[in-house]
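The structure appears below as structure tokens.
The values are calculated or read from the model by the stated rules, or taken from the named source; none is laboratory data. The model shown is predicted, which means the values in this text are computed figures rather than measured ones. Using ideal geometry, Cβ is built from the backbone for each residue, glycine included, and neighbour counts are taken over all protein chains shown. Calculation scope for accessible area: heavy atoms of the full protein, side chains included, ligands and nucleic acids excluded. Shrake-Rupley method; radii C 1.70, N 1.55, O 1.52, S 1.80 Å.
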Amino acid sequence: MRLLLLEDDITLGEGLRDYLRSDGYLVDWCSNLAQARALISEPYDAWLLDWNLPDGSGIDWLRSLRAKGLRVPALLLTARDRLSDRIEGLDSGADDFLVKPFAPEELSARLRAISRRVAGSALRKAFGPVEIDLNAKAAWFEGQGVELTAREWGILEALVLRAGRIVSKADLEALVLGFDSELASNSTEVHVFKLRSKLGKALIETVRGLGYRIPAA
């Protein structure tokens, strides 16, 4: 999953970014709304938003994004713990609410719950002879475990989370690599080719001129 983390506390922001990256997430960390606004067109799987920021309100920004029709799952990270705050946050478009201080392990658990909702139910999915466990980061073909590289897994996960939808090459690269400037022009095609060699040619469909798609399970 690619995450936008909006947190102005430097120590907390760095700590969450590093923990989430070690847990397998791709994280873009911003410390103010101006930085986040410059990234909002990027294809994120979830937004992690602080409420009070030096240049505005994270909850007001979320309201504006929802008004524009953006439906990326959002998790509020805030020290506000009153019932009225929770209600306001959820009514403003947040999908979940986490009160500071919190254990990073709980944040990961909440993100896994978001993954289940995005993926459509359980994190273990079957696509014909292919089984994929998004939580364990594991895949099987015809019952046999398959070894995948980190980038192969990232591409597979991004497509599974959007099963039934076309994902453009540009979005796929952004979801898997973020702002990695060392991406070769044919890197995505190479990784898709390797995935097909390991998981069967039928799993990933090329939609010519548009991108790639895994059919809905």
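Scan the range 8-48 residue by residue and report those that are closer than 28 Å to Ala136 by Cβ, of a type outside the set (Ser, Thr, Tyr) and either outside any helix (DSSP H, G or I) or touching a helix residue (DSSP H, G or I) at 6+ places or on another chain (Cβ under 6 Å) (or both).
Within the range 8-48, Asp23, Gly24, Leu26, Val27, Asp28, Trp29, Glu42, Pro43, Asp45, Ala46, Trp47, Leu48 meet the criteria.
Which of the residues belonging to the range 1-30 are of a type outside the set (A, V, I, L, M), out of contact with any Pro (no Cβ under 8 Å at 6 or more places or on another chain) and over 24 Å from Leu156 (Cβ atoms)?
Once the filter is applied, which keeps residues that are of a type outside the set (A, V, I, L, M), out of contact with any Pro (no Cβ under 8 Å at 6 or more places or on another chain) and over 24 Å from Leu156 (Cβ atoms), the range 1-30 yields Glu7, Asp9, Thr11, Gly13, Glu14, Asp18, Trp29, Cys30.
Restricting attention to the range 53-85, which residues are over 23 Å from the mean Cα position of the chain (by Cα) and without any contact (Cβ under 8 Å) to a residue 40 or more places away in the chain?
Passing the criteria: Asp55, Gly56, Ala79, Arg80, Asp81, Arg82, Leu83, Ser84, Asp85.
Consider Ala217 carefully, then state whether it is modelled with pLDDT under 90, under 17 Å from the mean Cα position of the chain (by Cα), open to solvent by 30 Å² or more (accessible area, probe 1.4 Å) and within 24 Å of Gly128 (Cβ to Cβ).
When the stated conditions are applied, Ala217 does not pass them.
Can you tell me which of Arg80, Arg63, Arg124, Arg37 is among the charged types (D, E, K, R) and under 22 Å from Leu161 (Cα atoms)?
Exactly one residue qualifies, and that residue is Arg124.
Filter the range 58-106 down to the residues that are modelled with pLDDT under 90, polar (S, T, N, Q) and assigned to a helix (DSSP H, G or I) and list them by number.
Selection gives nothing.
Keeping to the range 149-170, report how many residues are of a type in the set (D, E, K, R) and touching a strand residue (DSSP E or B) at 6+ places or on another chain (Cβ under 7 Å).
2
List every residue pair whose Cβ atoms sit under 7 Å apart, with the two residues 6 or more apart in sequence or on different chains, where the first one lies in the range 150-168 and is at pLDDT 90 or above and open to solvent by 30 Å² or more (accessible area, probe 1.4 Å) and the second, anywhere, is of a type in the set (Ser, Thr, Tyr) and in a loop (DSSP other than H, G, I, E, B).
Close Cβ pairs satisfying both conditions: none exist.
Return the only residue of Leu48, Leu16, Leu33, Leu39 being hydrophobic (A, V, I, L, M, F, W, C) and farther than 21 Å from Ser92 by Cβ.
Only one candidate passes the filter, namely Leu16.
For the range 5-29, which positions are of a type outside the set (Gly, Ala, Ser), under 20 Å from Arg80 (Cβ atoms) and under 18 Å from the mean Cα position of the chain (by Cα)?
Once the filter is applied, which keeps residues that are of a type outside the set (Gly, Ala, Ser), under 20 Å from Arg80 (Cβ atoms) and under 18 Å from the mean Cα position of the chain (by Cα), the range 5-29 yields Leu5, Leu6, Glu7, Leu16.
Could you please let me know if Leu98 is open to solvent by less than 30 Å² (accessible area, probe 1.4 Å), on the phi < 0 side of the Ramachandran plot, touching a helix residue (DSSP H, G or I) at 6+ places or on another chain (Cβ under 7 Å) and not assigned by the TED database to the domain that holds Arg196?
The answer is yes for Leu98.
Can you find a residue that is surrounded by 13 or more Cβ atoms within 10 Å (Cβ to Cβ), touching a Phe, Trp or Tyr at 6+ places or on another chain (Cβ under 6 Å) and not in a loop (DSSP other than H, G, I, E, B) anywhere in the range 107-127?
No - not one qualifying residue is present in the range 107-127.
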